[in-house]
Ligand SMILES: NC(=O)c1ccc[n+]([C@@H]2O[C@H](COP(=O)([O-])OP(=O)(O)OC[C@H]3O[C@@H](n4cnc5c(N)ncnc54)[C@H](OP(=O)(O)O)[C@@H]3O)[C@@H](O)[C@H]2O)c1
């Protein structure tokens with residue numbers, strides 16, 4: 001019986017590129033997202049191209065009841081999972097108090113609660129079966145506060161710190177935990193966040209999801225703790241440490257304000 005990698009947010013962007021990179025390496029997959037048609041055709045394509053088993057499960061991870069249902073199925077099923085990729089995430093952009101609360105709540109449910117819950121359930125299963133690997137997707141945004149995207153930046157700081165903590169906790173049980181911190185990466189994310197960062201399209205700052213995925217799977221094989229693709233992003237993640245926090249807040253706020261759609 002093969003062991004599976006569960007990849008959330010696998011219907012587009014970085015999640016899709018990661019699923020493809022894993023299938024190319026012969027991994028059996030369980031893809032999770034909301035769009036059934038997209039998941040079905042991706043599963044079919046990956047199976048045909050790489051000859052691996054690719055299953056999919058439709059689930060709105062921002063709905064705690066749906067997450068409970070999926071986890072119950074996984075816990076009662078016979079399949080074993082030795083890789084969890086918590087990639088699904090959304091962003092909001094603009095003045096926090098002017099956003100719809102439902103959007104901000106959805107962000108917290110998805111980026112923080114669903115991610116932590118999947119780590120809790122599958123981390124326990126992996127520890128019980130004697131090992132496994134977890135990859136959580138944060139962002140370079142997680143290294144600093146981000147006015148005008150305050151909730152998003154804070155959610156990614158949570159993912160970053162939580163993953164580093166969990167890495168130490170689960171090390172004795174053979175479960176390796178890594179966190180991916182991409183910078184601007186091409187795809188639909190920015191349109192959903194109502195941000196105009198997609199204006200960076202074509203600039204050297206923007207990486208492709210495929211580049212990010214390739215760097216990530218190689219880093220996972222080396223069990224890297226924090227994966228920051230590209231030297232520009234590594235610099236962006238380190239710079240805030242050398243500047244006073246008031247200055248970091250101002251600079252990041254200015255950038256985010258310029259990119260926020262009115
Ligand atoms: N793109 C960037 O520049 C960038 C930079 C740093 C970090 N990141 C992080 O990278 C991750 C992926 O971003 P991306 O740019 O690849 O985004 P994307 O292209 O918008 O893809 C997001 C994925 O998450 C899924 N998703 C969204 N809401 C969901 C929900 N409620 N339940 C289940 N699945 C849901 C989407 O599928 P469905 O619509 O089918 O549900 C889609 O597969 C995110 O965590 C993001 O914060 C992105």
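The values are calculated or read from the model by the stated rules, or taken from the named source; none is laboratory data. Since this is a predicted model, take the numbers as computed values, not measurements. Every residue, glycine among them, receives a Cβ derived from its backbone with ideal geometry; neighbour counts consider all protein chains shown.
Would you point out which residue out of 159, 175 is surrounded by 16 or more Cβ atoms within 10 Å (Cβ to Cβ) and within 11 Å of the ligand (Cβ to nearest atom)? Step through it out loud before you land on a result.
Details: 175 fails: within 11 Å of the ligand (Cβ to nearest atom).
Exactly one residue qualifies, and that residue is 159.
Restricting attention to the range 178-197, does a residue exist that is modelled with pLDDT under 95, touching a strand residue (DSSP E or B) at 6+ places or on another chain (Cβ under 9 Å) and more than 10 Å from the ligand (Cβ to nearest atom)?
The answer is yes, given that some residue of the range 178-197 is modelled with pLDDT under 95, touching a strand residue (DSSP E or B) at 6+ places or on another chain (Cβ under 9 Å) and more than 10 Å from the ligand (Cβ to nearest atom).
Only one of these is away from the ligand (no atom under 12 Å from the Cβ) and in contact (Cβ under 8 Å) with a residue 24 or more places away in the chain: 142, 123, 165, 146. Name it. Spell out the reasoning first.
Numbers: 142 fails: away from the ligand (no atom under 12 Å from the Cβ); 165 fails: in contact (Cβ under 8 Å) with a residue 24 or more places away in the chain; 146 fails: away from the ligand (no atom under 12 Å from the Cβ).
None of the other options fit; the residue is 123.
Please enumerate the residues belonging to the range 49-73 that are assigned to a helix (DSSP H, G or I), over 17 Å from the mean Cα position of the chain (by Cα) and within 15 Å of the ligand (Cβ to nearest atom).
At the first step, the residues of the range 49-73 found to be assigned to a helix (DSSP H, G or I) are 49-50, 64-73.
Then drop every residue that is not over 17 Å from the mean Cα position of the chain (by Cα), which leaves 49-50, 64-66, 68-73.
Residues satisfying the conditions are 64, 65, 66, 68, 69, 70, 71.
Could you count how many residues in the range 1-42 are outside any helix (DSSP H, G or I), surrounded by fewer than 22 Cβ atoms within 10 Å (Cβ to Cβ), without any contact (Cβ under 8 Å) to a residue 40 or more places away in the chain and near the ligand (Cβ under 7 Å from one of its atoms)?
Total meeting the criteria: 2.
Can you say whether residue 78 is out of contact with any strand residue (DSSP E or B) (no Cβ under 6 Å at 6 or more places or on another chain) and outside any helix (DSSP H, G or I), as far as the supplied structure shows?
yes
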